1. Considering only segment 158-179, I want to know if a residue exists there that is of a type in the set (Phe, Trp, Tyr), outside any strand (DSSP E or B) and out of contact with any His (no Cβ under 9 Å at 6 or more places or on another chain).
2. Out of (1) surrounded by fewer than 17 Cβ atoms within 10 Å (Cβ to Cβ); (2) out of contact with any Asp or Glu (no Cβ under 8 Å at 6 or more places or on another chain), the odd one out for Ala58 is which?
3. What residue, among those in segment 199-236 that are within 30 Å of Thr264 (Cβ to Cβ) and acidic (Asp, Glu), is surrounded by the most Cβ atoms within 10 Å (Cβ to Cβ)?
4. Among the listed residues Thr208, Thr180, which satisfies the condition of being among the hydroxyl-bearing types (Ser, Thr, Tyr) and under 17 Å from the mean Cα position of the chain (by Cα)?
5. Scan segment 3-17 and report the pairs whose first residue is within 21 Å of Ala86 (Cα to Cα) and whose second residue is part of a helix (DSSP H, G or I) and polar (S, T, N, Q), with Cβ atoms within less than 8 Å and a gap of 6+ or a chain change.
6. Looking at Phe258, Phe223, Phe212 in this structure, which one is farther than 23 Å from Ala160 by Cα and out of contact with any Ser or Thr (no Cβ under 8 Å at 6 or more places or on another chain)?
7. Hey, Gly89 hits all of (1) part of a loop (DSSP other than H, G, I, E, B); (2) closer than 24 Å to Leu7 by Cα; (3) in contact (Cβ under 8 Å) with a residue 40 or more places away in the chain; (4) in contact with a helix residue (DSSP H, G or I) (Cβ under 6 Å, 6 or more places away or on another chain) but one; which does it fall short on?
Amino acid sequence: MQSGPILVIGPTGKTGRRVVDRLAAQHRQIRLGGRASPVPFDWDQPETWPQALQGVSAAFVTYYPDLAFPGAEEKIFALTEQAKKANVGRLVLLSGRGETHALRCEEIVRRSGVDFTLVRCAWFAQNFSEGYLHEAVMNGVVAAPAGDVREPIVDVDDIADVAVAALTEDRHAGELYEITGPRLMHFSEIASELGRAAGREIVYAPITLEQFHAAMTEIGGAFIADVFTHVCREALDGRNESLGDGVQRALGRPPRDFVEYCRTAAATGVWNIAT
């Protein structure tokens, strides 16, 4: 791996901030790739990309808000072209499992001519403690258009560990890592484990994609609802009902179980109800 700072695009996100913390613990030179960073990076302002990429040894690429959004493929392609010009040592792309647009972005990176590692991830456990499902947990009802599909839900700490290894070790060059948890879980099981950790009843309420779309429209408008309904239609149709071995291959250890995540999250008080 060539010398130079490691660029982390999206350094305040669920995965990005964990990657930053781990790199800092290894005393690595880090360049934060956010809008307000000392050397800014903004997906909507391509003129910020050359300086952010200049001289970096590797870059962790997370696309906000999601690779499924219109324009993501074009921007990922443009980024790879700029990375090639800047002689970036490696691109580590955070991707989504079973998502058509994410797979297209992976292929763009794979064919870019830049050294790469692809980190393809299952549903994040931290969505229940740091993301949009936190409120649902607090209300005691996790509603999702998942039917009876089982999901190999993954701890974001595992994703960050794999990403850091890929950013700092040459042996991960050209690898595709499918990152999942160690078992398939029905959403009713997920709700039960959350309830056990939080100390109160939490139930799963299956909803239709139409109901999900209506709820998302109220929250973020029709465009946001269209995009995330499309993601759910793909990712929760059963195509992801299998386990990946990315954590084992990249790190030589098993992935963390959802129960361990629940215990750790509960200990922070994130699901405590104020009295």
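Values in this text are rule-based calculations from the coordinates and carry no lab data. Only a predicted model underlies this, so the values are computations on that prediction, with no experimental measurement involved. Cβ sites come from the backbone with ideal geometry, for glycine too, and all protein chains shown count toward neighbours.
1. First pass over segment 158-179, keeping only residues of a type in the set (Phe, Trp, Tyr): 177.
Of the ones still in play, those that are also outside any strand (DSSP E or B) are none.
No: segment 158-179 contains no residue that is of a type in the set (Phe, Trp, Tyr), outside any strand (DSSP E or B) and out of contact with any His (no Cβ under 9 Å at 6 or more places or on another chain).
2. If we test Ala58 against (1) surrounded by fewer than 17 Cβ atoms within 10 Å (Cβ to Cβ); (2) out of contact with any Asp or Glu (no Cβ under 8 Å at 6 or more places or on another chain), just (1) comes out false.
3. The selected residue is Glu234.
4. The match here is Thr180.
5. Taking only residues 6 or more apart or on different chains, the pairs are Ile6/Thr168.
6. Phe223
7. Checking Gly89 against (1) part of a loop (DSSP other than H, G, I, E, B); (2) closer than 24 Å to Leu7 by Cα; (3) in contact (Cβ under 8 Å) with a residue 40 or more places away in the chain; (4) in contact with a helix residue (DSSP H, G or I) (Cβ under 6 Å, 6 or more places away or on another chain), the one that fails is (4).
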